[in-house]
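Enquirer: One structure follows; several queries about it will come next.
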Amino acid sequence: MNDDQRTRREILRGAGAALLLPVLPAFVVGCKKDLACTDTTGLAPEKVALRTTMEYVDATPNPTKTCANCQLFKPAAPDACGECSLVPGPIHPKGYCKSWTEKAG
Ligand code: SF4
């Protein structure tokens, strides 16, 4: 390998890094961690038990029935846990429980 080849390789490597650097932050932001609404810290034990009794889950087993289209869901900001007028604690928009009620209108 002569000095000209090494120089060309170094230039190409540097150009590749220069092209990737502006894209990297957008990629990292795009890989946002999945929303989880399972933190019951601070809830009284009977409220945690009610979540269990209602069989609340963060991921609905039936895509046509989600908390987001339930009458009892109170949405929060986009990509955030909402609330429910029946089940205490954080509620995932794509969650579900056995008291799902079709949203009116
Ligand atoms: Fe979700 Fe059940 Fe509350 Fe409806 S009642 S928003 S399905 S937790």
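Nothing in this text is a laboratory measurement; each read-out follows from the coordinates by a stated rule. All values reported here derive from a predicted model rather than from experimental measurement. Heads up, the Cβs are rebuilt from the backbone with ideal geometry, glycines too, and the neighbour counts pull from every protein chain shown.
Enquirer: Could you give the nm distance between label points at SER85 and ASN62, where each point is 7 Å from its Cα heading toward the beta carbon?
Expert: Taking the two extended label points, one gets 2.1 nm.
Enquirer: I've got another one for you. Roughly what percent of Cα-Cα pairs across the stretch 31-105 reach past 18 Å?
Expert: Summing the P(r) of the stretch 31-105 above 18 Å gives 34 percent of all pairs.
Enquirer: Hey, quick one: spin label on SER99, modelled 7 Å out along Cα-Cβ, who in the stretch 54-80 has an amide N within reach, i.e. under 11 Å?
Expert: 54-56, 72-73
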